[in-house]
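Notes to accompany the following structure.
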Amino acid sequence: MTTEINGTLRRTALFDAHLALGARVVPFAGFEMPVQYTSILKEHDAVRKRAGLFDLSHMAQFSLTGADVGAWAETLTTNKVANMKPGQARYNVFTNEHGGAHDDVIFYRLDDNRWLLVVNAGNADKMWAHVSANRSGDVQLKNLHGDYALIAIQGPRSVEWLQPYAEAELALIKYYACTETRVKGTREPIVIARTGYTGEDGFELFLPSDEATGVWDLLLAENRERGLEPCGLGARDVLRLEAGMALYGHELTEEITPLQAGLSWAIKLDKPAFTGKDALLAQRDAGDYPRIVGLVMEGRVPARAGYPVLAGGVRVGEIRSGSFGPTVQRNIATALLDASAAAEGTRLEVEVRGTRHPAVVTPQQFYKRPKG
Amino acid sequence: MANGVPAGLLYSKEHEWVKMDGDVATVGITDYAQASLGDIVYVELPRVGAGLTQFGSIGVVESVKAVSDIFTPVGGEVVGINDGLENDPASVNRDPYGAGWFYKVKLGDVGQTNDLLSPEQYEQLIAES
């Protein structure tokens with residue numbers, strides 16, 4: 001289960017494997033997680049050019065079963081759930097009454113009555129309370145947090161390097177699809193999904209915690225010398241920022257709505273009703289809401305979360321995420337900006353330790369992988 | 001050079017090194033510091049002519065994900081900065097005691113070096129941390 005005991009940090013099933021690989025481990029969302037093994041830049045490069053292996057077991061997995069899961073879930077979320085077919089995965093946002101986000105999540109439909117819901121580690125307790133309190137109809141919930149591990153392999157070589165260990169034909173699994181299949185080292189078939197948070201091709205493996213080390217070691221044993229790198233949360237954050245993917249707590253919060261975060265593709269306002277729908281409709285119709293954009297710094301100074309953004313000396317927003325972007329070789333950021341300052345190409349200034357540095361508004365996505 | 005701590009330099013508890021040449025000190029961060037910080041992408045240095053107070057915060061060094069203060073191990077007037085860091089901040093990772101140096105300070109009071117650590121003392125410090 002998910003609660004921290006007396007504030008002590010939890011460890012994933014792969015903790016010893018991380019230490020053996022020389023990881024630097026830091027507290028993250030109540031867990032001791034690897035932030036890097038060798039170098040964020042090296043790990044980032046591996047994912048863009050070859051593949052990287054991630055332990056994401058801190059993220060919470062909820063099992064949802066019953067005939068009413070789809071219809072029930074879509075009353076709490078912006079995207080559709082009920083029309084998902086078995087074998088589909090779909091991004092979604094749980095919203096509050098004001099249209100703000102409780103969490104952004106992925107639903108995986110395993111068959112007619114069984115689903116997997118993956119929520120952010122930092123929201124695990126909040127989300128378990130939320131779905132439990134709102135449960136209705138033929139819906140059974142089980143919290144797998146801690147009992148199930150999550151290993152991701154991400155990068156252009158993912159199919160090639162995972163296939164020898166998986167029974168299913170991985171190339172046939174479409175992007176945002178999932179299947180249950182046997183993997184070497186697991187007792188039962190496990191869920192494999194073609195999803196990720198890096199902007200690259202790749203897979204996520206959902207497996208019992210006691211089988212995680214075996215599979216992790218197996219994948220690294222033969223593939224590491226080919227260039228598969230264990231990757232920490234540092235590289236993951238840079239990869240997702242380049243790929244224009246929202247990070248809860250930064251681009252999406254209880255106050256920042258998915259509409260503001262640029263996620264209108266995941267908001268289905270034609271659904272009859274869902275929590276926060278009226279607020280999102282009103283925000284959309286008003287149109288002048290602050291929104292998340294991309295920013296590129298023109299100089300060498302990185303922008304960081306919380307730095308003020310100015311237009312003509314007047315504050316128009318703030319940085320929400322910022323990092324050096326190795327693929328684009330520039331300092332990139334997201335910012336929450338007043339609508340008047342948010343048009344692509346707008347020239348702004350970011351205040352860094354009291355000095356203003358020029359920046360320009362860009363699309364949120366800084367990197368798009370080449371079509372393979 | 002035992003454990004990567006060069007002899008002939010002085011050190012601070014904040015993981016800077018100091019190389020004295022007369023009353024001018026060259027300052028950088030140690031190998032231990034660069035390894036802890038990770039890939040360095042930006043170094044903000046004081047301007048030439050600036051007056052620094054010993055152990056004051058005088059700039060920042062930024063890795064891909066984090067911003068860290070630089071606490072100057074010596075006070076005095078800045079008489080030179082490493083311009084090469086602008087285009088090649090990663091030289092701090094590659095060569096922290098050489099090409100990755102930060103700035104030079106003309107010391108007002110050479111006695112302040114008494115507050116710094118010897119290589120042996122610094123080695124002890126990082127062994128314990």
Give me the strands (runs of 3 or more DSSP E) completely within segment A:1-105, filtered to those with at least 2 residues that are hydroxyl-bearing (Ser, Thr, Tyr), ordered by residue number. A:60-65, A:89-95
Being more than 16 Å from B:TYR11 (Cβ to Cβ), away from chain A (no Cβ under 14 Å), in contact (Cβ under 8 Å) with a residue 40 or more places away in the chain and crowded, with 19+ Cβ neighbours inside 10 Å narrows it down to one of B:TYR42, B:TYR103, so name that one. B:TYR103
Given the conditions (1) within 12 Å of the chain's Cα centre (by Cα); (2) away from every other protein chain (no Cβ under 14 Å), and given that B:VAL61 satisfies all but one, which numbered condition is not satisfied? (2)
Any chance segment B:26-36 includes a residue that's more than 10 Å from chain A (Cβ to nearest Cβ) and more than 30 Å from A:ALA333 (Cα to Cα)? yes
Just to verify a result, which residue in segment A:240-257, among those that are part of a helix (DSSP H, G or I) and not acidic (Asp, Glu), is surrounded by the fewest Cβ atoms within 10 Å (Cβ to Cβ)? A:ARG240
Yes/no for A:GLU180 being part of a strand (DSSP E or B) and surrounded by fewer than 21 Cβ atoms within 10 Å (Cβ to Cβ): yes
Could you grab me the full set of residues in segment B:3-21 that are of a type in the set (D, E, K, R) and not in a loop (DSSP other than H, G, I, E, B)? B:GLU16, B:LYS19, B:ASP21
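Residue by residue, here is whether (1) at pLDDT 95 or above; (2) more than 10 Å from chain A (Cβ to nearest Cβ); (3) surrounded by fewer than 22 Cβ atoms within 10 Å (Cβ to Cβ) holds:
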position: B:TRP17; (1), (2), (3): yes, yes, no
position: B:THR72; (1), (2), (3): yes, yes, no
position: B:ASN82; (1), (2), (3): yes, yes, yes
position: B:ASN87; (1), (2), (3): no, no, yes
position: B:TYR97; (1), (2), (3): yes, yes, yes
A:GLN260 in contact (Cβ under 8 Å) with a residue 24 or more places away in the chain, buried (at least 20 other Cβ atoms within 10 Å of the Cβ), away from chain B (no Cβ under 14 Å) and among the polar types (S, T, N, Q): yes
Does A:ASP147 satisfy the condition of being over 18 Å from the mean Cα position of the chain (by Cα) and surrounded by fewer than 20 Cβ atoms within 10 Å (Cβ to Cβ)? yes
Top-ranked residue of segment A:318-328 - restricted to ones that are closer than 23 Å to A:LEU41 by Cβ and not in a loop (DSSP other than H, G, I, E, B), ranked as farthest from the other protein chains (Cβ to nearest Cβ): A:ARG320
Check segment A:188-200 and report whether any residue there is small (Gly, Ala, Ser), at pLDDT below 95 and in contact with a helix residue (DSSP H, G or I) (Cβ under 8 Å, 6 or more places away or on another chain). no
Being free of Cβ contacts under 8 Å to residues at least 40 places away in the same chain and more than 14 Å from chain B (Cβ to nearest Cβ) is the filter here, so list the residues in segment A:28-54 that pass it. A:GLU32
Subset tally (residues that are within 23 Å of A:GLU32 (Cα to Cα) and within 14 Å of chain B (Cβ to nearest Cβ)) for segment A:230-253: 13
Scanning for something surrounded by fewer than 24 Cβ atoms within 10 Å (Cβ to Cβ), outside the structural domain of A:LYS174 (by TED's automatic domain parsing) and more than 28 Å from A:LEU280 (Cα to Cα), does segment A:116-136 turn up at least one residue? no
Segment A:329-372, residues that are assigned to a loop (DSSP other than H, G, I, E, B), closer than 13 Å to A:LEU310 by Cα and touching a strand residue (DSSP E or B) at 6+ places or on another chain (Cβ under 9 Å): A:ASP338, A:ALA342, A:THR346
Pick from A:ALA333, A:ALA311, A:ALA303, A:ALA341: which is buried (at least 22 other Cβ atoms within 10 Å of the Cβ), away from chain B (no Cβ under 14 Å), among the aliphatic types (A, V, I, L, M) and more than 30 Å from A:ALA73 (Cα to Cα)? A:ALA341
Mind listing just one residue for me: the one in segment A:63-76 that is surrounded by fewer than 22 Cβ atoms within 10 Å (Cβ to Cβ) and not β-branched (Val, Ile, Thr) and, of those, farthest from A:ASP125 (Cα to Cα)? A:ALA67
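The values are calculated or read from the model by the stated rules, or taken from the named source; none is laboratory data. Being a predicted model, the structure only gives us computed values, none of them experimental. Please note: Cβ atoms are built from the backbone with ideal geometry, for glycine as well, and neighbour counts cover all protein chains shown.
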